[in-house]
Amino acid sequence: VLPEWEALGGSTGVLGLPTSPLITGQLRGGGFQNFQGGAISWSPATGVHATYGDIRQVWRQNDFEFGVLGYPTSEVTDLSTGGRYPNYEGGAVVSSSAGAFLSVASIRTAWGQNGYENGPLGYPTSGIVGIRDGGTFQNYQGGAVIVWRGIGFASLGSSREVWLALGYENGVLGYPTSALVGIRDGGTFQNY
């Protein structure tokens, strides 16, 4: 824990001073130590990593290592586009000017297939929301990712506008069943 804390500036860094002793014997042999600005957590499988700020708040809201994310597996990484994230066993928490949001499972896979924050979707702007028949979605700066039956697809541009006009998943088209596909002369289509 000490090298991690020192690497983040020690008592004058983002974590500040310790507020608890080292807590061991946690899930899967892990542990943690709390600080004024966050905590340092570890497990034998994931190593030692700090969490702080809005990213830690999202991890807390999702039950820390007991939730869908599990333990952190990387440091908080700053992105050239202004965001930041750490990886977790079950996904990531992505923070940008739009806020910090969970990024997991099929939604994360579809976002990755579209270039993550550098693609047309940009950064997430909402949490993951459940919708009818077990579907979920997450909004992004440039559209959304829609998941139905465990598979996620990006919803973008004019295809998304038409889908909106027809009532999204509750309308005549239902859920997307394919990615947006480019066709001749710059057109696109998406199956529903």
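The values are calculated or read from the model by the stated rules, or taken from the named source; none is laboratory data. Note that the structure is predicted; figures quoted are calculated from it, not measured. When we count neighbours, we look across all protein chains shown, and the Cβ atoms used for this are built from the backbone with ideal geometry, even at glycine. Just the protein is used for accessible areas: all its heavy atoms, side chains included, with ligands, DNA and RNA removed. Shrake-Rupley method; radii C 1.70, N 1.55, O 1.52, S 1.80 Å.
Dipole size in debye (nearest 20) for the stretch 1-104 around its Cα centre, Lys and Arg Cβ +1, Asp and Glu Cβ -1?
In debye, rounded to 20, the stretch 1-104 gives about 120.
Quick one: what are the phi-derived ³J(HN,Hα) couplings along the stretch 66-79, Karplus 6.51/-1.76/1.60 with θ = phi - 60°, whole Hz, x for glycine and proline?
My calculation for the stretch 66-79 gives 7, x, 4, 7, x, 7, x, 10, 8, 6, 5, 10, 7, 9 Hz in order.
Quick check for me: using +1 on Lys/Arg Cβ and -1 on Asp/Glu Cβ, what's the dipole size of the stretch 49-90 about its Cα centre, in debye to the nearest 20?
Magnitude of the dipole: close to 100 debye.
For the stretch 139-192, with all protein chains present and a 1.4 Å probe, just round the carbon and sulfur fraction of the accessible area to a whole percent.
56 percent
Could you provide, to the nearest whole Å², the per residue accessible area of the stretch 1-160 with probe 1.4 Å?
Accessible area per residue, the stretch 1-160: 45 Å².
Quick check on the chain: helices-only [θ] at 222 nm, where DSSP H runs of length 4 and up contribute -39,500 (n - 2.57) each and the sum goes over total residues. Nearest 500, please.
-4500 deg cm²/dmol
Given +1 on the Cβ of Lys and Arg, -1 on the Cβ of Asp and Glu, and no further charges, what dipole in debye does the chain carry about its Cα centre, rounded to the nearest 20?
The calculated dipole for the chain is roughly 300 debye.
In nm, give the distance between the simple-model label positions of E161 and S80, each being 7 Å from the Cα along the Cα-to-Cβ direction.
Inter-label distance under the simple model: 3.1 nm.
Say the dipole of the stretch 1-95 comes from +1 at the beta carbon of Lys and Arg and -1 at that of Asp and Glu; which of L17, F64, S41 then lies farthest toward its positive end?
Positive-end residue among those listed: F64.
Around Y175, under 14 Å between beta carbons, what's the net of Lys plus Arg minus Asp minus Glu among the other residues?
+1
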